[in-house]
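Take a look at the structure below.
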Amino acid sequence: MAKDVPNCGNRRIRLSYRFAVAVGGGVLLTAIVCASSGPSVQSALLGILLSISIGLAWECLSRQRPMGRDLGLLETPFFLSHDTQVFDRYRQISQSLLTVSQKPDPIYREVALEELTRLAAECAEVAAGKIVYEGTETWRIIYDKLLRSPGLHLYRSVAWVKNANYWQDEPGRQSMKVNFELHDNGPLNIERIVILANEVWPAKEPLPVERIHRWIREQNDHGIWVKMVRESELAQEPELIADIGIYGSRAVGVQELDEQCRTVRFTLTFDFNEVTKAEERWNRLSVYSTSYQELLDRFDLDE
Amino acid sequence: MIGTLYLDTARLGQMSPTARDTYLDFVRLTAEEPSSLYFEEFLQHGWAAWPASYRNRFRALESWQGVAGLKHLLARLVGQPRDCRVLLANRSAQLMKLVARLLFRRCRNVLTSDVNWPSYQRFLSAEATRTGNSITTIPVRDMLLRGGITRDELVSFIAEESFKAGCDGLFLPAVSNLGVLFPTHEIVRAIDSRVQLRFVAVDAAQAFCHVPAASYAGSDLLIAGCHKWLGANQTMGMAFCPRKRSRSFIERTLRRMVDARQIDDPLLRFTEQLERGQLDGYSETTNIAPLFSCCGAIDMAPANDLEQEQQLRIRRLNADVVSEAANDSGWMPVRSVTDFQTGILLLKPRHLPRRSSAKSVRAAFQKHGVILSTYDDGLIRLSMPRRPFTDDNVACIRESLVHARPGYRRIMRPLSLPHADPDRRTA
């Protein structure tokens, strides 16, 4: 627990000799000035001393403000009490832990401890900025919220289309509607790189199979900048093959799909370093991909 | 004004004789039958759809082939096939809103220059701010007007600046309002060879029917007007969508903006409905007169780039003649190298007095039979006609240059010889 953290809470603050010297010097100086100078010089001195005191006090307070990770266990609730929403959860979890602790059954205790360890690991992930959704499409709710969040101007998405079912179900269509709505009217710019399995974009075909082509064309018609690459062309850099979304410089989402293109897992990470890494992957992927516009030009195709 | 030499085409072109005749017959038609069933038939399907009696009464309207027919003719003037999508609007500012939206729905950093038309630039800035994107404006004005830069150097310079700034969109004039020809086609190619441009829009307001269309080809959207070099006089904005790859994007964006009243142009709405044959009957009553003056003016427009090139050569020769006259009359031509020269000539006085207003200089020229554009810094702009100047024309220009020069009167007053040759006197 107790690290050497200065705290003005319940502890008494022991003053050093420096404080006495500074106060004494200040008093002496003020006395001399009061005795020898007019009121304007006195006011000026008073103002200067007061400003220095406020500045120092402010600096001292800001240095003393404790960081979450440096807190002692007993100080944690005091610190959390500033944030009522997190404090509510803290209280609920503490209450549950107390209840668990009071149950004597050894089997229950064993299972409970295992479960709690798992929960602790999950909590640590959440604390590190990582949210995981497994086997559910509910991640699209937070996806929607992120895209609509004020200040987000750029959403870059890498779509890994393993087969023609990709984002063709109802949740997928709803998400595309959100994409179109925000790109058409709002301040959001959407760019997408589509990685296509060879069965979806056969090697000798100028464009992907109709169902996916229609999906790409619709995005292009809305002004979304779409680039495409065959999965086989990324054989040398397999780590680039993934389904990701970069939400400005705020978060990165990674979607894992099964063979039927249903969501197995969606991991959202709110971490600037992860965003930087994802951007770097995006740039590498851009080198391999061709814009849909360029394909239309190359084959003299109408939209 | 009879006997006046009109050299202000860069602002508002003189109405061509064919435009005038077509327009007058249209006015006669509206005076006689402003809204009959025949009128609607005529609007939609053209002169040929009328019965013989009507055709005989309004012969000058023969060139009208309906809105679709007019669009085909306009597409031809910019070297595009019949299926090129053309938009017509009362106000080009409305089309500029569309341009700004299209650019910033697809691009994140649009390259422009300091010779872009300022009000168009404001549309771009507003849209860039709204969408959280940026504009990169490169300074080329001084470089072009000072001379000493070749076409290839300009193209490389712009391509390099675009690459450095990470631009993915482009909006440039094909001919600037100061008469500098911008090789937009080559610029697009040079940039595209390094980084693909997502959307290219070109302002051809000063280029349409003035320089060959090939010089500004390669854009996704081209905006122009029929009231300058085409000689229709009646203001009407036009937009062309030459590249197939962007047509659907443009179409959808336009439809959304019109539906949301973000673009509210009665002529645009009306012509779109008329072309589709789906008049809703509830749209605003529209001034359609510009359609007819435009249609008439096309008869006198150069039919292809070859004719356009010949016309431009004559305009440049005219500019040479005026430059020579200007040199003898106290003016200095402000000309870029031949590569960038057009039918617009800029002159500035050798000595500019402190007090000289654009309005007074313009009035002085008009008094001597020449109409042109003037600026507060003493600069004047003359738009060269498509036919060679006659000797009388040159004499008139020379005289007006001498007498309308800023400060001319003040030099003469102390000598009390108001009609003498100022150059000889000052010498």
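Points worth noting:
- With all projection directions averaged, the alpha carbon convex hull of chain B covers 22.6 nm².
- Two-decimal Rg/Rh across the stretch A:80-127, once Rg and the Kirkwood Rh are taken from alpha-carbon atoms: 1.06
- Here residue B:320 and residue B:152 are evaluated by their C-beta separation; at R0 = 25 Å the FRET efficiency comes out at 0.60.
- Using a simple spin-label model with pseudo-atoms 7 Å out from Cα toward Cβ, residue A:41 and residue A:153 lie 5.6 nm apart.
- With the alpha-carbon atoms of the protein assembly as shown aligned to their principal axes, the span from lowest to highest coordinate is 113, 90, 53 Å, starting with the largest.
- Placing a label point 7 Å from the Cα of residue B:337 along the Cα-to-Cβ line, the residues of the stretch B:159-176 whose backbone N sits under 16 Å from it are B:159.
- Listed cross-link partners A:227/B:97; A:145/A:227; A:227/B:244; A:162/B:244; A:162/A:227; A:130/A:277 are compared with a 20 Å cut-off, the Cα-Cα value being larger for A:227/B:97; A:145/A:227; A:162/B:244.
- Unit charges at the beta carbon, dipole of the protein assembly as shown: most positive-side option, B:270, B:69, B:235: B:235
- Cut-off 11 Å between beta-carbons: net charge of the residues surrounding residue A:155, Lys and Arg +1, Asp and Glu -1: +3
- Stokes-Einstein D (µm²/s) once Rh is taken as the Kirkwood radius of the stretch B:1-76 over alpha-carbon pairs, at 10 °C in 1.306 mPa s: 114 µm²/s
- Remark on the stretch B:21-122: hydrodynamic radius 16.7 angstrom, per the Kirkwood mean of 1/r across alpha carbon pairs.
- Mean residue ellipticity (222 nm) of chain B, computed from DSSP H runs ≥ 4 via -39,500 (n - 2.57), nearest 500: -14000 deg cm²/dmol
- Mean-square fluctuations from a GNM of chain B, with a 10 angstrom spring cutoff on Cα atoms, peak among B:278, B:310, B:44 at B:278.
- Dipole check for the stretch A:133-298: with +1 at the C-beta of Lys and Arg, -1 at the C-beta of Asp and Glu, and the Cα centre as origin, the magnitude is about 260 Debye.
- Proportion of all alpha-carbon pairs of the stretch B:272-394 beyond 22 Å (%): 53 percent
- Largest mean-square fluctuation among B:78, B:322, B:258, in a Gaussian network model of chain B whose springs join Cα atoms under 10 Å apart, belongs to B:258.
- Label-point gap, in nm, between residue B:30 and residue A:92 - each point 7 angstrom along Cα→Cβ: 7.1 nm
- Taking 19 Å as the cut-off, the amide N atoms of the stretch A:114-132 that come nearer than this to a point 7 Å along the Cα-to-beta-carbon line of residue A:85 belong to A:123-132.
- Total accessible area lost when B and A pair, probe 1.4 Å, Å² to nearest 100: 2100 Å²
- Column: log10 I(q)/I(0), Debye, Cα scatterers of chain A, q = 0.10, 0.11 Å⁻¹: -0.77, -0.84
- Sequence of A:82, A:183, A:213 when ordered by accessible area, the most exposed leading, probe 1.4 angstrom: A:82, A:213, A:183
- Here the Debye sum runs over all C-alpha atoms of the stretch B:301-348 as equal scatterers in vacuum, and log10 of I(q)/I(0) at q = 0.21, 0.24 Å⁻¹ comes out as -0.71, -0.84.
- Taking all Cα-Cα distances within the stretch B:68-291, those exceeding 23 Å account for 45%.
- For residue B:359, the lysines whose Cα falls under 22 Å of its own Cα, not counting residues fewer than eight places away in the same chain, are B:228, B:348, B:367.
- Computed from label points 7 Å out along Cα-Cβ, the spacing between residue A:177 and residue B:109 is 3.7 nm.
- For the stretch A:205-303, the spread of Cα positions along each principal axis, largest first, Å: 43, 31, 28
- Computed FRET value (nearest 0.05) for residue B:56 with residue B:391, which takes r as the C-beta separation and R₀ as 45 Å: 0.55
The values are calculated or read from the model by the stated rules, or taken from the named source; none is laboratory data. Just so you know, these numbers come straight off a predicted model, no measurement behind them. Don't worry about glycine lacking a Cβ; one is built from the backbone with ideal geometry, like all the others, and counts go over all protein chains shown. What goes into the accessible areas is simple: the full protein's heavy atoms, side chains included, and nothing from ligands, DNA or RNA. Shrake-Rupley method; radii C 1.70, N 1.55, O 1.52, S 1.80 Å.
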